[in-house]
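*Asks:* My questions all concern the structure below.
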Amino acid sequence: MTTPLDGKVALVTGATGGIGAVIARTLDAAGAAVTVVGRNTEAGATVEKELRRGQFVAADLTRRESHRAIVDATLERFGRLDILVNNAAAHAAGPALEAGEDDFDRVVALNYKAAFFLTQAALPALIASGAGRIVNISSIGTIKTYAGAAIYNSSKAALDNLTRSWALEHGPDGVRVASVNPGIVVDGPMSAPVQAFLDIERAVLPTIPARRLATAADVAAVVTFLAGPGADYLNGIVVPLDGGLTA
């Protein structure tokens, strides 16, 4: 029996744990070969062993030389690249008045700059695929913001804008681009700082029609759909994965 992503090759950043690891496993189950990218070599090796066709590439995405090396490692191992998932992210929680330049630079370097230049390095292979897919993991905070996440949310808003820009520039090349914008992900490491200072039961859940938080599996399911043939006519979109919060 064929699966939706048979013969495809995916590259997932921030995939040694959390949402990224779940995305990698779900793409693998859908038939794709997967390059798992992250800094934690022990965790990366564990995820690699769980995949039918996978490899772990250790990399610091804030270093420019890593981008070409990651793409090259994928092409050397699997011969092609069809799907890029920009998932790696950093968070800085707290009032904007107290934000430091170090926090600003750290978050922007990974959430925005690294995604831009890794995508730049991957685009020739994605175009050569004839059906390349770029899926950016963003945040519902770009649509309905909340206190204490000004740096994080604005960096993700920049990523949403890149989604639209890349869709416009490379749609004619067969590349489709989308952002997945989750609300608070109950098992997502990036959500931990938010959950720490919000009253989830009394202040958050009553505002979500689904009456629950998102899960990493929810995110992975949408990513897998966007990476597959059923999403061929979707391009430049932002998907609010929020249980109806912004309805």
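*Asks:* Hey, among Leu168, Leu234, Leu205, which residue is among the hydrophobic types (A, V, I, L, M, F, W, C), touching a Lys or Arg at 6+ places or on another chain (Cβ under 7 Å) and over 28 Å from Pro95 (Cα atoms)? Give the derivation first.
*Replies:* Working: Leu168 fails: touching a Lys or Arg at 6+ places or on another chain (Cβ under 7 Å); Leu205 fails: over 28 Å from Pro95 (Cα atoms).
The match here is Leu234.
*Asks:* Return yes or no: is Ile134 at negative phi, among the β-branched types (Val, Ile, Thr), surrounded by 19 or more Cβ atoms within 10 Å (Cβ to Cβ) and in contact with a helix residue (DSSP H, G or I) (Cβ under 7 Å, 6 or more places away or on another chain)?
*Replies:* Values: at negative phi: yes; among the β-branched types (Val, Ile, Thr): yes; surrounded by 19 or more Cβ atoms within 10 Å (Cβ to Cβ): yes; in contact with a helix residue (DSSP H, G or I) (Cβ under 7 Å, 6 or more places away or on another chain): yes.
Criteria met by Ile134.
*Asks:* What are the pairs, 6+ residues apart or on separate chains, where a residue within the range 217-231 that is touching a residue at least 12 places away in the same chain (Cβ under 8 Å) has its Cβ under 7 Å from a residue that is in a helix (DSSP H, G or I) and of a type outside the set (A, V, I, L, M, F, W, C)?
*Replies:* Once the first residue is touching a residue at least 12 places away in the same chain (Cβ under 8 Å) and sits in the range 217-231, its partners that are in a helix (DSSP H, G or I) and of a type outside the set (A, V, I, L, M, F, W, C) give Ala220/Thr26; Ala221/Thr26; Thr224/Thr26.
*Asks:* Can you tell me which condition Thr41 does not meet? The list is (1) crowded, with 20+ Cβ neighbours inside 10 Å; (2) more than 28 Å from Gly228 (Cβ to Cβ); (3) more than 16 Å from the chain's Cα centre (by Cα), and all the others hold.
*Replies:* Result: Thr41 fails condition (1) only.
*Asks:* Something else about it: Being at pLDDT 95 or above and under 20 Å from Asp218 (Cβ atoms) is the filter here; which residues of the range 154-184 pass it? So that I can check it myself, show each step before the final result.
*Replies:* Of the residues in the range 154-184, the ones at pLDDT 95 or above are 154-182.
If the condition is that a residue be at pLDDT 95 or above and under 20 Å from Asp218 (Cβ atoms), then Lys156, Leu159, Asp160, Thr163, Ala178, Ser179, Val180, Asn181, Pro182 are the ones that fit.
*Asks:* For the range 66-117, give me the residue count where each residue is in contact with a strand residue (DSSP E or B) (Cβ under 7 Å, 6 or more places away or on another chain) and part of a helix (DSSP H, G or I).
*Replies:* Residues flagged as in contact with a strand residue (DSSP E or B) (Cβ under 7 Å, 6 or more places away or on another chain) and part of a helix (DSSP H, G or I) within the range 66-117 amount to 6.
The values are calculated or read from the model by the stated rules, or taken from the named source; none is laboratory data. Here the structure is a predicted model, which means the values were calculated and not measured. So basically every Cβ, Gly included, is an ideal-geometry build from the backbone, and we count neighbours across all protein chains shown.
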